[in-house]
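The values are calculated or read from the model by the stated rules, or taken from the named source; none is laboratory data. All values reported here derive from a predicted model rather than from experimental measurement. FYI the Cβ positions are ideal-geometry reconstructions off the backbone, even for glycines, and counts take in every protein chain you see.
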Amino acid sequence: MKLKLKLILFFAVFGLLISCKEKPKKSEMNTAEIEQESQQLQAFFDKVYQEDLEDSPMMQTQIGLKTDYGQWDDFSHTKYPKDLEKAKKRLTYLKDSINVNALSKSEKLSYQLMRRELETEINDYKFRFYDYPINQMGGYHSSLPAFLINQHRIDSVADATAYIERLKGMQKVFEDIIKTMQIREKNGVLPPKFVFTKVLEDSKNVITGKPFSDSKENSVLLQDFSDKITALEISKEKKKELLAQAKKVLKENVQPAYESLIQTLLDEDQRATADHGVWKFPKGDEYYQNRLNYYTTTHLSADEIHKVGLEEVDRIHKEMETIMKKVDFEGSLQDFFKFMKEDEQFYYEQSENGKAAYLKKATSIIDKMRSNLDELFITQPEAELVVKPVEAFREKSAGIAFYQRPALDGSRPGTYYVNLYDMKAVSKYQMEALAYHEGIPGHHMQIAIAQELESMPEFRKHLFYGAYIEGWGLYSELLPKEIGYYKDPYSDFGRLTAELWRACRLVVDTGIHAKKWTREQAIQFYKDNTPNAESDCIKMVDRHIVLPGQATSYKIGMIKILSLRAKAKKALGEDFDIREFHDVILTNGVVPLDVLEKLVEDYIEAKNASAA
């Protein structure tokens, strides 16, 4: 027995020594061996991407594919442990089977990013039931209908049938979502009370109108399906048949799905409280730090982020006071805020004409900026960009503006959505900054360029690091000023209000989730420190509450990009080229801030070496 035990220990240690043995350096390998390692890594990346793509019918649709077109993703709680096991196996393969020494610089970056993604997924597993699957910002009750409306194209009868299949499948999807909501509540994770009022209304909106009632108006999904099949070049009889099938499924599958969700929400609402921060969860402080790390890609604490926010609010207020003097305004900054909020010259009218005028002007701002891109960028996107209003069924609770990426095959352009529900929340003086952030040179430039990079592994085109993405968006609001835009001082004030808004986010997000601020206290901070409409302040605070940490990414990311640019300018002097700097930022895809810093440092080193 003792001999057997000794043999087991010997082979265990021997195996460990072999696995820990240093892999050969690149200088010790021949060309064929190096090429083999490169091919092995690329094959692994391709395998991972294809597996994830096959596992997500919705992702297939998002990138323009029509495989599994009638199916939804798996929303069940049983998928979490399967994904965890898959991530562990992938990480083990990366560590044990890939010789990093043999890789090129770009391959090492891809290796590093894949490893980081897998480690994060494994480490975050303990918090898998900490979010709110139904919330007013992008909960499944509204995002699934929005997915059908905006991303499920109908170009054939087969596509229409797939749409109907997805309508039918919503019943199973909501059964799975409800189960995960119930698990969350058992674990002490329940949305605060105000959330239920908002999501109940949105859920009811989806099953309002035909065929759910005798209303003269179609429901949003029936209207969308009807509009799409009307455009098909098929017989009237076939259109009538498809429409009848859709109505049947809407009544028999979609309506029960939403009614079940509504009942679950009404039930949970009875036990919801007015505590808004995640500090109320078991291990809530640990979870919040996890979210800050995730969204900022730093290890800054809540206190450190709060302090940065207060300092930035103070700095921007001073810059605003300079603009007040420029326009000869007499009074305090608060008086100026009140003037900007209330004066009719700064707003389009609350009407269809007003909304149309806003969309037209926003499009012209983007078109004008597009004509000057050569001055700032070497690499530019091929994908088109369009401006659209947020759909009526979700505009009441959706954010002010957001961007939807284009399809990889060019079948769908990038889309800048602006919420025109309350025209007082989308002022004329903030139009430029908003269009630059969401469109060009903001999210559209960054996301479309990343998608179009041919040399990059596919998985990197779909990575998400909030500090990089939103940091670039906020940086893109400032960039046009540096080439002569924002000529109107009120518009420049609008740029500052947008930056101020993001600085306040640092204060309020940490205030709610780390310092136990009340919802009312958080709303008041925005009202006291920004010129934004009260409805805007309320929506933002409610966003902080359901997406802890997310809103801190913007300012932290922008500060980092500006500091890296300053570093490059100082190091390179007259050799600094803003277009080259932007190429470094944009042509490596989405990366964490520490990786971005290393890329800029490598650029500086290479540029100096070239000059020498």
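What's the total number of residues in region 55-85 that are outside any loop (DSSP other than H, G, I, E, B) and in contact with a helix residue (DSSP H, G or I) (Cβ under 8 Å, 6 or more places away or on another chain)?
8
Spot the failing condition for MET540; the list is (1) hydrophobic (A, V, I, L, M, F, W, C); (2) over 30 Å from VAL189 (Cβ atoms); (3) surrounded by fewer than 24 Cβ atoms within 10 Å (Cβ to Cβ), and only one is missed.
(2) is the only condition that MET540 fails.
So, in region 474-501, exactly how many residues are under 20 Å from SER563 (Cβ atoms), without any contact (Cβ under 8 Å) to a residue 60 or more places away in the chain and either in contact with a Ser or Thr (Cβ under 8 Å, 6 or more places away or on another chain) or not hydroxyl-bearing (Ser, Thr, Tyr) (or both)?
3
Could you please tell me which pairs satisfy a Cβ distance under 6 Å, a separation of 6+ or placement on different chains, a first residue in region 411-422 that is in the same structural domain as LYS361 (by TED's automatic domain parsing), and a second residue that is surrounded by fewer than 19 Cβ atoms within 10 Å (Cβ to Cβ) and of a type in the set (Val, Ile, Thr)?
Every condition considered, the pairs that remain are PRO413/VAL386; THR415/VAL386.
What residue, of SER110, SER106, SER142, is exposed (fewer than 15 other Cβ atoms within 10 Å of the Cβ), part of a helix (DSSP H, G or I) and in contact (Cβ under 8 Å) with a residue 40 or more places away in the chain?
Details: SER110 fails: exposed (fewer than 15 other Cβ atoms within 10 Å of the Cβ); SER142 fails: exposed (fewer than 15 other Cβ atoms within 10 Å of the Cβ).
So the residue among SER110, SER106, SER142 that is exposed (fewer than 15 other Cβ atoms within 10 Å of the Cβ), part of a helix (DSSP H, G or I) and in contact (Cβ under 8 Å) with a residue 40 or more places away in the chain is SER106.
Identify the residue in region 145-163 that is among the charged types (D, E, K, R) and part of a loop (DSSP other than H, G, I, E, B) and, among all such residues, is farthest from GLU185 (Cα to Cα).
My answer is ASP155.
Only one of these conditions is not met by LEU221: (1) surrounded by 14 or more Cβ atoms within 10 Å (Cβ to Cβ); (2) over 26 Å from ILE149 (Cβ atoms); (3) in contact (Cβ under 8 Å) with a residue 24 or more places away in the chain. Which number is it?
So the condition that LEU221 fails would be (2).
Have a look at LEU242, LEU232 and point out the one that is farther than 30 Å from GLN182 by Cβ, touching a residue at least 24 places away in the same chain (Cβ under 8 Å), assigned by TED's automatic domain parsing to the domain that holds GLN182 and assigned to a loop (DSSP other than H, G, I, E, B). Give the derivation first.
Values: LEU242 fails: assigned to a loop (DSSP other than H, G, I, E, B).
Only one candidate passes the filter, namely LEU232.
Which helices (runs of 4 or more DSSP H) sit wholly inside region 251-362 and have at least 1 residues that are under 30 Å from THR415 (Cα atoms), at pLDDT below 95 and not aromatic (Phe, Trp, Tyr)?
It comes to 333-342.
Just checking: which of the helices (runs of 4 or more DSSP H) contained wholly in region 466-538 hold 2 or more residues that are under 30 Å from GLN451 (Cβ atoms)?
466-478, 489-514
Being touching a helix residue (DSSP H, G or I) at 6+ places or on another chain (Cβ under 7 Å) and among the polar types (S, T, N, Q) is the filter here; which residues of region 231-264 pass it?
GLN245, ASN253, SER260, THR264
With the structure loaded, tell me whether HIS152 is over 20 Å from ALA43 (Cβ atoms) and in contact with a Phe, Trp or Tyr (Cβ under 6 Å, 6 or more places away or on another chain) or whether it fails that test.
Yes, satisfied.
Is region 170-190 home to any residue that is surrounded by fewer than 18 Cβ atoms within 10 Å (Cβ to Cβ), under 23 Å from THR230 (Cα atoms) and of a type outside the set (A, V, I, L, M)?
No: zero hits.
Suppose we keep only residues that are assigned to a helix (DSSP H, G or I) and touching a Ser or Thr at 6+ places or on another chain (Cβ under 8 Å) within region 548-581. Which one would you say is surrounded by the most Cβ atoms within 10 Å (Cβ to Cβ)?
THR552
Filter region 25-45 down to residues that are modelled with pLDDT under 85 and under 18 Å from LYS95 (Cα atoms), then give me how many there are. Reasoning before the result, please.
Initial filter on region 25-45 (modelled with pLDDT under 85): 25-30.
Going one step further and asking which of them are under 18 Å from LYS95 (Cα atoms), we end up with 25-26.
The qualifying residues number 2.
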